[in-house]
Amino acid sequence: MSLNTQILLAAILGVAFGFILNLFPETQFLSASLYGLGIASSIFIGLLKMLLVPLIFSSIVVGVSNLQAGGQLSRTWKITLACCVTTTTLALILGLACAHLFKVGQGVDIVMFQDAMNQHQTPDTLTPGSFFTNFIQNTLINPFKAFSEGNVLAVVVFSLFLGVALVKGGEKFRSVRKLSQQFFDIMMMMIGWVMKLAPIGIFALLAKLIATEDISVLSRLAEFAAVVTGTTIFHGVVVLPLLLWIFGKMNPITFFKGTRAALITAFATSSSSATMPLSMKCAQENLGVRPQTAGFVIPLGTQLNMDGTALYEAAAALFIANLMGLDLTLGQQLIVCATAMIASLGAPGIPSAGMVTMIMVLQSVGLPAEAIAILLPIDRLLDTVRTVVNVQGDMMISVVVDRHTRDLDMPIHSN
Ligand code: ASP
């Protein structure tokens, strides 16, 4: 059985086992199962996280030096950026449009959530200004600190610099370039080993998620959850494939077949960062994206391109406003869009990261930060789908960028 099929099967069995566990509340069987599932999922996620920082570092260094050597850097940059902005903007428009269309939050009674909101600790104010300052302060730091703390964004920035420096140094640094390439190859080999555990990890993650989430809370917020999930799926199944077909000239079915392992892993882990090693592997091995493009676009996209998160934050802001009986003006909705775009850029690819940056979006139009107490109970469930679309967007962009930079291809290293 291929790994792809094993992963799919594991996901189905994991969800089924999670529902079975729900039939045995407060039993020894449940606690023992949760303990076992917890260990299995921690091993899988732990291994992925262990490889994440060295992989991002080496893939960007190698990616940039190869792109630059092929004379493609500036075009690749521009296309990557244009794709990120376009897909995120479409996601934001879609989020707002659907929230309006389905009038999310208008029938729900805010009093129901008053207790949760009162008990919620108001976090420090997070304005776009302070967010930017923090963003810069956390990004331009000592690389060793960044490595040890797993600060992905700072690692991305340092690796970009180093990649450019290696190219500018030319022949003088040839051996370092070769070393980086070999280091990267070793990382990919190790990821191949970790992937053998993916079916077990995914089974455990999904079973645990279903067994521990309070599905009854979901039913109270069901309408909002259904609209957000449906819209996110629409973006992933219609909008992105259409763009891929037009600009990447790739059949969406080929795309979905080739990326299934990464998409299921994104669903199970709710983390684009943890899924990144797989996204890279799928893009290169199954979609035919050249390593230098994948090595540059995927780590960058993982950090900066989050369509699902942007869509969710825009729709959620409107949901909260409707709950409070407020009508956001067009200007306020534009502010929501702009802030949600910044928020999705800055959100790290980890579970529920979007929830933290959501505060900024709410505050940008004067909605209370405490209102996230309403969204928190359903966040883990919604996070699964938005992470899938975040990861899908990264792989899709790598295909489009690769297609539009192939003509610049030249021999790269003279090893
Ligand atoms: N979990 C998402 C991701 O990793 C981020 C978010 O919370 O929206 O892409």
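The values are calculated or read from the model by the stated rules, or taken from the named source; none is laboratory data. Everything quoted here is computed from the prediction, not taken from an experiment. We place every Cβ from the backbone using ideal geometry, glycine too, and count neighbours over all the protein chains shown. Just so you know, the surface numbers come from the protein's heavy atoms only, side chains and all, with ligands and any DNA or RNA stripped out. Shrake-Rupley method; radii C 1.70, N 1.55, O 1.52, S 1.80 Å.
Before moving on, here are some points about what is shown:
- For the chain, a Gaussian network of Cα nodes joined below 10 Å ranks Gln284, Gln72, Gln182 by mean-square fluctuation, and the top entry is Gln182.
- Across the range 325-342, computed HN-Hα scalar couplings (Karplus, 6.51 cos²θ - 1.76 cosθ + 1.60, θ = phi - 60°) run x, 9, 9, 6, 6, 4, x, 5, 5, 5, 4, 4, 4, 4, 5, 5, 5, 4 Hz from first to last residue, x flagging Gly and Pro.
- About the centre of its Cα atoms, the range 234-357 shows a dipole size close to 480 debye [charges on the beta carbon of Lys, Arg (+1) and Asp, Glu (-1) only; nearest 20 debye].
- Excluding same-chain neighbours fewer than eight residues apart, the lysines reachable from Lys145 by a Cα-Cα span under 21 Å are Lys49.
- A Cβ-based charge dipole, computed about the Cα centre of the chain with Lys and Arg at +1 and Asp and Glu at -1, lands at about 1540 debye.
- Farthest toward the positive end of the dipole of the range 258-375, out of Ile335, Pro277, Thr309, is the Cα of Pro277, where the dipole comes from beta carbon charges about the Cα centre.
- Area accessible to solvent at Val399, 1.4 Å probe radius, in Å²: 10 Å²
- Whole-number D in µm² s⁻¹ for the range 287-415, Kirkwood Cα-pair radius fed into Stokes-Einstein, 25 °C, 0.890 mPa s: 152 µm²/s
- Point-to-point label distance, Ser148-Glu171, nm (Cα→Cβ direction, 7 Å offset): 4.0 nm
- Fraction of accessible area attributable to carbon and sulfur, the chain (%, probe 1.4 Å): 68 percent
- Karplus (6.51, -1.76, 1.60) ³J(HN,Hα), θ = phi - 60°, over the range 37-42, in Hz, Gly and Pro reported as x: 5, x, 5, 4, 5, 5
- Taking a quarter of the surface of the Cα convex hull of the chain gives a mean projected area of 20.5 nm².
- Dividing the Cα radius of gyration of the range 215-311 by its Kirkwood radius returns 1.01 for Rg/Rh.
- Most mobile listed residue (Met188, Met50, Met396) in the chain, GNM with C-alpha springs under 10 Å: Met50
- With DNA, RNA and ligands ignored, accessible area of Ser148 (1.4 Å probe; Å², nearest 10): 100 Å²
- Per residue, the accessible area of the chain comes to 43 Å², computed with a 1.4 Å probe over protein heavy atoms only.
- For Val289, solvent-accessible area (1.4 Å; no DNA, RNA or ligand), Å²: 10 Å²
- Kirkwood Rh in Å, taken over the range 155-293 so that all alpha-carbon pairs contribute: 18.3 Å
- Placing unit charges on each Cβ (+1 for Lys and Arg, -1 for Asp and Glu) gives the chain a dipole about its Cα centre, and among Phe102, Pro25, Pro291 the Cα reaching farthest toward its positive end belongs to Pro291.
- Rounded to the nearest whole Hz, the Karplus-based 3J(HN,Hα) values (6.51 cos²θ - 1.76 cosθ + 1.60, θ = phi - 60°) of the range 88-93 follow the sequence 5, 4, 4, 5, 5, 4, with x at glycine and proline.
- Added length on full extension, which subtracts the Cα-Cα distance from 0.36 nm per residue, Thr86 to Phe24: 17.6 nm
- Relative contact order, whole percent, for the chain stands at 32, derived from Cα pairs under 8 Å and 6 or more residues apart.
- Relative counts (whole %) of C-alpha pair distances in the range 1-88, using bins that are 10 Å wide: 13, 22, 23, 22, 14, 6, 0
- Whole-number D in µm²/s for the range 53-103 (Stokes-Einstein; Kirkwood sum over Cα pairs; 25 °C, 0.890 mPa s): 183 µm²/s
- When the chain is treated as a GNM with alpha-carbon contacts under 10 Å, the residue of Phe247, Phe267, Phe144 showing the greatest mean-square fluctuation is Phe144.
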